[in-house]
Amino acid sequence: MEWWQKAIIYQIYPRSFNDTTGNGIGDLQGIISKLDYIQSLNCDAIWLCPIYPSPQKDFGYDVSDYQGINPEYGTMDDFDQLIKMMHSRDMKLIMDFVPNHTSDQHPWFLEASKSKDNPYRDYYIWKDPKPGSSPPEPPNNWEGQFGGPAWSYHEATGQYYLHQFVREQPELNYENPQVMVEMKENMRFWFDHDVDGLRLDTAPLYKKDQSYQDDTIRENWDENAGKPAWKKWHFKPLIDVNGVHDIIAEFRSVADEYPKKMLMGEIYLEFERLMTYYGEHGDLFQFPTNMTLVNEPFDLEVIKPLIIEYYQWFSKEPYTAAWPNWQFSNHDRLRMASRIPHNLRLAFLMLFTLKGTPITYYGDEIGMLNGDIPSGQVKDPFATLSGDAGIIHNRDRCRTPMQWTDDDYAGFSTANPWLPISPKYQEQNVKLMESDSTSLLNYFRELTKLRQTTPALYLGEIAFVPVPADNINQLFIYSRTDDRSTYFILLNFGNSPLELDLQALLGLNNFKLILSTIEMPTFTKEFHLPAHQGIILK
Ligand code: NOJ
């Protein structure tokens, strides 16, 4: 079994994790000083969001130097120390890597902007204005992911350049082989620094349809229903375009120059397309992200068919050797605890018992809620550009500082943090929850420990157990089996309790209660599973 199959991955948004310099911004020493904590969660890999030098127009996803460390976060020595300390603890580090676009302050773009015949011009995607347009109009109707035209006009050279995120994130041109040569060198730089894996940002976007035809509007799009560009456009010329796999295969070939390196690809696509990113011969991503639980409501009726469908793909060629993965949240979506207010323990029980590598986002283990960002203090460009600084598209809300204590600034910093502390930090912080044996944090630890020490749970097969028709949208049962044992996971998603006859349901006489979301003093074959609760039996 590979390390990335067995691992529990803890995602860190470095700006918000732990500040040791007193500037209100998290840093690498802050992560180093919390390695004990991360290990106490039984997480053995970290996915670190970008830490490169960056003007921070998209908080690190606008990279101005692929081979450096943002001085706000520390130095290369700090980074090497982090890797060394992690490896001495048998932990792995996955770094975010952003090959689709650079910052407009990257030396390549500064050069490329100088003139049409600059040697770096072709590193980016430039087009003339629409023929005959005056004043100039974009070459086609493509919009960016954050809304607004995907083209910005460059006065000095009279051409448009392509960007699907903020205008300060010009897109690289992989039709130019030199770009790939440079990017491979940048990847090697980090593998030579001993990182264990890279998470490739926006993986299906690297190839653009070379006809540069207009995009088309979705059939069911309602002009009055709000802004998000992904609801309006098909993005066919921009996302998952034929040829994108060849680019990813090149990236994978770099990882394969080293032993035991892994590539994770950020992919929001339906399963049929998502699966192709494993590659026909397992030669693309080891880990194309499965966003089912990030995208969908925590509603059994919705997710059960998707969970079952996802696993069905792994029983078909060419994916029988591929490995699944799961996550509930990340730095781009609202907080899990805010989306799943009644069933957080149940959600974790499922995350850590499904087959496939689990990813958990910093702070979810203490039930951190979405932050409140006063208008006027919104930092996220998605919120400001999409015109929705309030609820849905304000990613600041899931990026507020980690809540370590009930001290000022939640023990994150001694200075006013770059984003406000989420209001509930006095009840939800690591210090307080560590001292309470019944807290969510300690439950999380119990669960991750069980996962890490139980082969049936980390590598066993999964099977779905039929449930009575009248419980079909409320009760979810599956088993995990290795050559020694079978574990049953029973989850009540409903608002009402269930009276269960375990013998009839599971066809077994003897069970042992292994773990439960609640105290369960009496436990017999006929038992009562309260609303929103779950158990693991053996
Ligand atoms: C996906 C990242 O997760 C997101 O935070 C970022 O804004 C875009 N890619 C652009 O790099």
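The values are calculated or read from the model by the stated rules, or taken from the named source; none is laboratory data. Quick caveat: nothing in here was measured; it's all calculated off a predicted structure. Cβ: placed from backbone, ideal geometry, glycine included. Neighbour counts: every protein chain shown. For accessibility, only protein heavy atoms count, side chains too; no ligands or nucleic acids. Shrake-Rupley method; radii C 1.70, N 1.55, O 1.52, S 1.80 Å.
Brief remarks on what is shown
- Qualifying trypsin sites (Lys or Arg not before Pro) in region 470-527, where qualification requires a DSSP coil assignment and no more than 13 other C-beta atoms within 10 Å, comprise Arg484, Lys512.
- Remark on Lys92: its backbone amide H falls under 5 Å from those of Ala45, Ile46, a criterion applied only to residues 5 or more positions apart or on other chains, H modelled at 1.01 Å from N.
- Around the Cα centre of region 388-538, unit charges on the Cβ atoms of Lys, Arg, Asp and Glu (plus for the first two, minus for the last two) sum to a dipole of about 380 debye.
- Unit charges at the beta carbon, dipole of region 44-103: most positive-side option, Cys49, Ile69, His101: Cys49
- The relative contact order of region 135-236 comes to 26 percent, based on Cα pairs under 8 Å that sit 6 or more residues apart.
- Mean separation of Cα contacts under 8 Å, 6 or more apart, over the residue count of the chain: relative contact order %: 13 percent
- Under 5 Å, built H, 5+ apart or other chain: amide partners of Met264: Leu198, Arg199, Leu200
- On the basis of the beta-carbon distance and an R0 of 45 Å, Ser133 and Glu182 show a calculated FRET efficiency of 0.85.
- The average projected area of the chain, computed from the convex hull of its Cα atoms over all directions, is 26.0 nm².
- Distance distribution P(r), region 75-173, all Cα-Cα pairs, bin width 5 angstrom from 0: 3, 12, 18, 18, 13, 9, 7, 8, 6, 4, 2, 1, 0 percent.
- Dipole of the chain, positive end: most advanced residue of Met336, Tyr362, Leu508 [Cβ charges, Cα centre]: Leu508
- Amide proton proximity set for Thr357, modelled H, under 5 Å, gap of 5+: Asn325, Trp326
- Site pair Asp299 and Ser211 shows an inter-label distance of 3.8 nm when each label is modelled 7 Å from Cα along Cα→Cβ.
- Rounded to the nearest 20 debye, the dipole size of the chain about its Cα centre is 860 debye, using +1 on the Cβ of Lys and Arg and -1 on the Cβ of Asp and Glu.
- Ranked packing of 303-312, 419-428, most packed first, by mean Cβ within 10 Å: 419-428, 303-312
- The Cα trace of region 261-366 gives Rg and Dmax of 13.8, 42 Å, the first to one decimal, the second as a whole number.
- Of the DSSP H helices in the chain, those whose Cα atoms cover at least 30 Å axially and whose Kyte score averages 1.0 or more: none
- Placing +1 on each Lys and Arg Cβ and -1 on each Asp and Glu Cβ, with no other charges, gives region 164-310 a dipole about its Cα centre of roughly 160 debye.
- Gain in span if fully extended, Ser496 to Glu2, counting 0.36 nm per residue against the direct Cα distance: 173.8 nm
- Probe 1.4 Å, all protein chains present, accessible-area order of Ile477, Ile518, largest first: Ile518, Ile477
- Residues of region 272-429: accessible area per residue with a 1.4 Å probe, Å²: 35 Å²
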